[in-house]
Amino acid sequence: MARMVATDKRVVIESVSPAVDGGRFPAKATVGDPVTVAASVFADGHDSVSSVLRYQRAGARSWAEVPMQFLGNDRWQAMFTPDELGMWQFEIVGWVDHFETWLIGTTKKFDAGLDIDVELLQGAELYAAAADRAGAKAARELASVAAEVGGPGRSQADRLAVATAPEAIALARKHPDRSRASKSDARWPLVVDREKAVFSTWYELFPRSWSKREGEHGTFADVEARLDYVAGMGFDVLYLPPIHPVGTTFRKGPDNTLSAGHDDPGVPWAIGSELGGHTAINPDLGTIEDFRSLRDAAGARGIELALDIAFQCSPDHPWVTEHPEWFRHRPDGTIQYAENPPKKYQDIYPLDFESEDREGLWTALKGVFDHWIGEGIRIFRVDNPHTKAFPFWDWVLEAIREEHPDVIMLAEAFTRPAVMNRLAKAGFNQSYTYFAWRTTKHDLIGYMADLARVSHFFRPTFWPNTPDILTEELQTGGRAAFISRYVLAATLSPACGIYGPAYELMEHVPLRPGSEEYLKSEKYQIRSWDLDRADSLAPVITRVNHARMTRPALHRMNGLTFHPTDNDALLAYSKGMPGEAVLVVVSLDPHHPQSGWVSLDLGAIGVEPESTFEVHDLLTERRYRWEGERNFIRLEPAGVPAHVFAVRAETRNEEGPDDSH
């Protein structure tokens with residue numbers, strides 16, 4: 001038999017957002033950014049309902065509170081702005097509002113010419129009850145209203161005027177009857193991160209290739225000597241592949257061959273030797289003092305170091321002999337090396353997350369993070385997290401977040417969307433995406449819509465290349481493809497990055513036809529880069545990054561609007577609000593000139609219909625005066641195959657530049 005729960009709480013609270021899997025995982029927010037909370041709040045019958053949003057930093061003694069605004073169709077909304085890093089929570093309280101019900105009903109009756117004497121007596125009781133809930137000063141004012149509304153000798157119109165005076169209504173609303181209020185079923189969690197978790201511009205490099213002497217192993221000091229090159233382009237995160245000792249057993253040679261020579265440096269992801277493991281530094285790169293010097297010199301230029309965390313070992317890693325139980329063994333007793341058929345990675349042993357000593361393994365892995373956090377590192381790119389157990393990430397990311405809420409984790413997981421999403425839910429602050437392979441207008445628009453649907457917990461970062469990804473478009477598209485892909489990455493997503501100097505020097509030759517591996521890949525050998533090459537894209541990248549930095553509209557995912565074009569080789573979109581709009585038009589064809597008409601949603605860029613406005617190209621510094629929603633664009637692959645326009649509304653009589661397309 002069903003258990004009776006006789007309650008006077010009539011309000012229902014449903015469909016709360018932002019919420020991830022019913023509150024099992026926290027949604028994501030940023031310090032200083034408003035958080036919009038919405039919910040369906042309703043009751044039976046026709047009584048009015050009111051609701052408030054309550055929020056606090058987790059562990060705080062008290063709650064802050066803000067009234068929710070009615071949007072229609074039982075939907076309510078409110079905003080709050082978290083001002084500290086860490087975990088927050090919010091809840092919604094809703095109640096049947098008898099005062100509002102009375103106010104609406106009585107006003108309707110009076111306007112219809114009906115007698116409202118009884119209703120006025122009810123109103124007096126409601127004001128008197130509010131007085132009982134109020135402090136001394138407000139209580140006196142409410143009691144006075146109650147006396148005037150309920151007292152005889154005055155017309156109903158006069159008494160109603162007192163009851164419906166804006167000051168009286170506002171005071172009564174401050175002291176509602178919430179004795180029968182309902183609360184949302186959960187306190188919804190929210191993790192609040194710092195700015196770089198959302199908006200950051202990454203540059204990846206292999207330090208061993210940054211010596212000025214060709215063929216010589218580069219060092220931290222070599223990178224430090226050229227930090228101005230990275231800072232000058234406008235990057236604020238410098239990401240280094242693993243900096244640990246590299247194993248010698250089954251060391252790979254150039255282009256992933258099995259015949260490594262004595263001087264071949266091996267793959268940085270084959271971590272560990274007799275010199276140490278994940279907390280040691282490859283002596284060819286320098287000492288811990290050299291590393292700290294690089295960290296501090298980068299910080300002085302506004303750049304944070306990001307380190308690669310790859311939870312795998314070379315056969316020479318100390319853990320292989322100290323903790324063989326942490327690895328999976330084959331029937332012949334040997335340890336299973338990594339494979340991704342047809343690729344074989346004989347120089348890498350995966351860790352076994354089904355090990356009987358899971359607690360010991362998990363503790364050791366967290367110790368790796370703890371070590372580098374202790375060295376002042378607050379950003380980590382995690383290699384292939386989708387090949388490690390979800391329960392481990394649930395635990396370790398929460399533990400690190402509690403201890404160091406400023407730490408940022410980037411998930412390098414190119415896998416199924418559900419798996420990528422689950423890692424983001426576990427606590428990864430940023431995630432690699434499939435942007436590199438979205439090349440058509442249809443694909444890009446659809447992909448941005450997909451990302452928008454998970455934006456409350458999944459923060460994308462767009463990389464047109466990585467050491468593992470040389471797309472066909474970059475192989476065959478030439479200079480125009482490299483420019484257009486970076487413009488897309490840098491303006492569609494607030495977080496983006498490149499693997500350089502391969503990108504700005506337009507490295508494009510694959511290992512073999514149909515492969516996305518680089519010929520002479522830096523993963524397997526030392527390269528020498530001429531950073532001063534005349535055809536380098538560094539100046540273009542600098543201009544793009546300057547636009548990113550100076551235009552707040554590009555710092556977030558929201559506010560994105562796609563604008564129709566009559567040519568599918570032209571992609572047009574904008575971000576921002578009136579007075580702060582950026583309009584981007586990119587040619588998706590790196591081989592031929594493309595032109596067409598853009599049909600602008602003028603409201604999305606803050607321009608009044610039929611008005612003139614100026615568009616200032618932040619890449620070329622040219623300015624154009626446009627009028628109306630249809631405007632003509634022509635882009636040449638030989639020049640800059642994209643516009644990044646700052647939009648400024650004008651009046652019809654305002655003089656301005658006369659350039660036009």
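Here are some notes:
- Solvent-accessible area per residue in the chain equals 44 Å², computed with a 1.4 angstrom probe and all protein chains kept.
- Computed per residue of the chain from DSSP H runs no shorter than four, each worth -39500 (n - 2.57), the mean residue ellipticity at 222 nm is -8500 deg cm²/dmol.
- Taking the longest Cα principal axis of the chain as reference, the axis of helix 478-492 is set at about 30 degrees.
- Highest average first, the peptides 445-457, 181-193 ordered by how many other beta carbon atoms sit within 10 Å of their residues are 181-193, 445-457.
- Global geometry of region 261-416, whether rounded, prolate or oblate, following the gyration tensor of its Cα atoms and the 1.5 cut on a/c: oblate
- Working from Cα pairs under 8 Å separated by at least six residues, relative contact order for region 271-430 is 21 percent.
- Computed in the context of the full set of protein chains, the accessible area of region 474-577 at 1.4 Å probe radius has 56% of its extent on carbon or sulfur.
- Here the accessible area of region 80-125 is 57 percent carbon and sulfur, with a 1.4 angstrom probe and all protein chains present.
- Dividing the alpha-carbon radius of gyration of region 159-272 by the rule-of-thumb value 2.2 N^0.38 Å gives 2.33.
- Rg over Rh, two decimals, region 270-322 (C-alpha only, Kirkwood Rh): 1.07
- The ARG630 and GLU167 beta-carbon pair, evaluated with R₀ = 60 Å, returns a calculated FRET efficiency of approximately 0.70.
- Surface/4 estimate of mean projected area, convex hull on alpha-carbon atoms of region 446-513, nm²: 5.2
- Per-residue SASA entry for ARG54, accessible area with 1.4 Å probe, Å² rounded to 10: 40
- Percent carbon-and-sulfur accessible area, region 345-465, ignoring ligands, DNA and RNA, probe 1.4 Å: 52
- Pairs beyond 24 Å (Cα-Cα), from LYS9/LYS109; LYS344/LYS388; LYS9/LYS137; LYS388/LYS425: LYS9/LYS109; LYS9/LYS137
- Label-point gap, in nm, between ALA300 and LYS108 - each point 7 angstrom along Cα→Cβ: 7.3
- Taking 0.36 nm per residue of separation and subtracting the Cα-Cα distance, full extension of the segment from ARG24 to TRP395 would add 132.2 nm.
- ASP357/SER515 FRET efficiency (R0 56 Å; Cβ-Cβ; nearest 0.05): 0.90
- Convex hull volume per residue for region 1-58, taking Cα atoms only, in Å³: 158
- Once exposed loop GluC sites (Glu not before Pro) are cut out (DSSP; at most 15 other Cβ, 10 Å), longest piece of the chain: 376-609
- Counting only residues at least eight positions apart within a chain, or on another chain, the aspartates and glutamates with an alpha carbon under 12 Å from that of LYS575 are ASP601.
- Prolate/oblate/rounded call for the chain, Cα gyration tensor, a/c under 1.5 rounded: oblate
- Region 394-497 - convex hull of alpha carbons, volume per residue in Å³: 109
- For the chain, the longest principal axis of the alpha carbon atoms and the long axis of helix 117-133 meet at an angle near 50°.
- Structural descriptor for the chain: relative contact order 10 percent, calculated from alpha carbon pairs under 8 angstrom and at least 6 residues apart.
- Set LYS196/LYS523; LYS196/LYS343; LYS252/LYS343; LYS28/LYS196; LYS212/LYS523 screened for pairs whose C-alpha atoms are more than 23 Å apart: LYS196/LYS523; LYS196/LYS343
The values are calculated or read from the model by the stated rules, or taken from the named source; none is laboratory data. Here the structure is a predicted model, which means the values were calculated and not measured. With ideal geometry, Cβ positions are generated from the backbone for all residues, glycine too; neighbour counts draw on all protein chains shown. Areas reflect the complete protein model, heavy atoms only, side chains present, ligands, DNA and RNA absent. Shrake-Rupley method; radii C 1.70, N 1.55, O 1.52, S 1.80 Å.
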